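Since the structure comes first, as structure tokens, the remarks are kept for the end.
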């Protein structure tokens, strides 16, 4: 049994713990994490100098007939439109409010892939679902393009490369392509059965470029459901002198029909091995690529999700430049999802909960997701559609430069920058414990909220956020400690700047 001895005056010290700006670490041992890592980081977004509570989401369009399993943005010049696919119809959801009548009806399913393609006849949103004939929208009218040689109802994926529309035939090793600057007409088969050494079917077609532009170093990658990647270079697949196989490489098997996200000339590909940079992965063997994945720091968490939820519909990646998000949707069940979110500037990871999305899309600079019978705008407001935002944070365990010494932790002082009076549940876990903070966590903004407050009743909030600090008694004994903080918030903004811990040395004596 251990009993702390009394210490003389002047032995206490205050040690500062930085906010977990390096984000989630689900890779390293608990005893070897950096001070700026986090063991848990739910609904907190790590920035370069602080960790900020994520904003909420609010209803954009209501009254859709089922789950919104697809969102598609049409963009041409100054025209931006958003379409949702729900149940058996496509709906225009550009304008907030109650949804109108379907613009396309009688569909077999709501799981569509799409691409925006410019031709001599205009700019088109072209989409497919592997069950119904392909559809196209030109900014005014929806049509059904005529595709010869292959049934367009069998097309499950689309990609544009070198002014040419490429198509993936469902459950097949064949890709198909059209003439340049065309969305209809004669399709030509591009069989890959002999190229894929492990067999399988085409799962994704991804343009790549070494210089993020358009030039002679551009490539087209064909990814099989077994994780083989065939890289071609050239402009005309029908002319041997202008089209060549560069090589066939191995990566983890891709997940879902929305497995990749274009990032400049590269692509982030969601695979069994994690989210990989395709350009980096094809230059090393699969074992080495596993340690260089974009999700390397959260590899154990990602692997857990893959093992449990790989077969679920809803895996998707999206980039949100205004928020510096690289967001990866993980479908936990038929009704629940979480998002693994990376700061695209720092590479730090966190997890968002409370946003049960089936699909994601941009509309201009704003980000939206499809839920059950509704479309929501994300990263806006201080609530999750009226509900509190529940957050959870646990910093890495720290020995405070004294790995072997027993310490008495007596006080904890968080420093927040906020527009309200935060009252989180907060405690110190010692020696790798995992206790639940006690108390009633809450955080309400000072004053009133725009579009929520009652005129002449509520008090308007202060313009500036305020720094708040308060010492909290913790009374814990151990060699290392981590801060655990849980909170619910309503209409508030908040950033964590630092945690200060009051420590006294404690000598261990045997009883």
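The numbered conditions (1) in a strand (DSSP E or B); (2) surrounded by 22 or more Cβ atoms within 10 Å (Cβ to Cβ) are all true for residue 258 except (1). Could you tell me whether any residue of region 463-484 is part of a loop (DSSP other than H, G, I, E, B), at pLDDT 95 or above and surrounded by 18 or more Cβ atoms within 10 Å (Cβ to Cβ)? Scanning region 463-484 turns up at least one residue that is part of a loop (DSSP other than H, G, I, E, B), at pLDDT 95 or above and surrounded by 18 or more Cβ atoms within 10 Å (Cβ to Cβ).
For region 95-129, a residue qualifies if it is crowded, with 16+ Cβ neighbours inside 10 Å, in contact (Cβ under 8 Å) with a residue 60 or more places away in the chain and farther than 16 Å from residue 84 by Cα, and the qualifying residues are 117, 119. Annotation: residue 215 fulfils all but one of (1) in a strand (DSSP E or B); (2) modelled with pLDDT under 95; the unmet one is (1).
Considering (1) at pLDDT 95 or above; (2) in contact with a strand residue (DSSP E or B) (Cβ under 8 Å, 6 or more places away or on another chain), the lone condition that residue 293 does not fulfil carries the number (1). When 157, 100, 130 are checked against the criterion of being in contact with a strand residue (DSSP E or B) (Cβ under 9 Å, 6 or more places away or on another chain), farther than 21 Å from residue 368 by Cα and assigned to a loop (DSSP other than H, G, I, E, B), 130 stands alone in meeting it.
The values are calculated or read from the model by the stated rules, or taken from the named source; none is laboratory data. If you're wondering where the values come from, they're calculated on a predicted model, not measured in any experiment. So basically every Cβ, Gly included, is an ideal-geometry build from the backbone, and we count neighbours across all protein chains shown.
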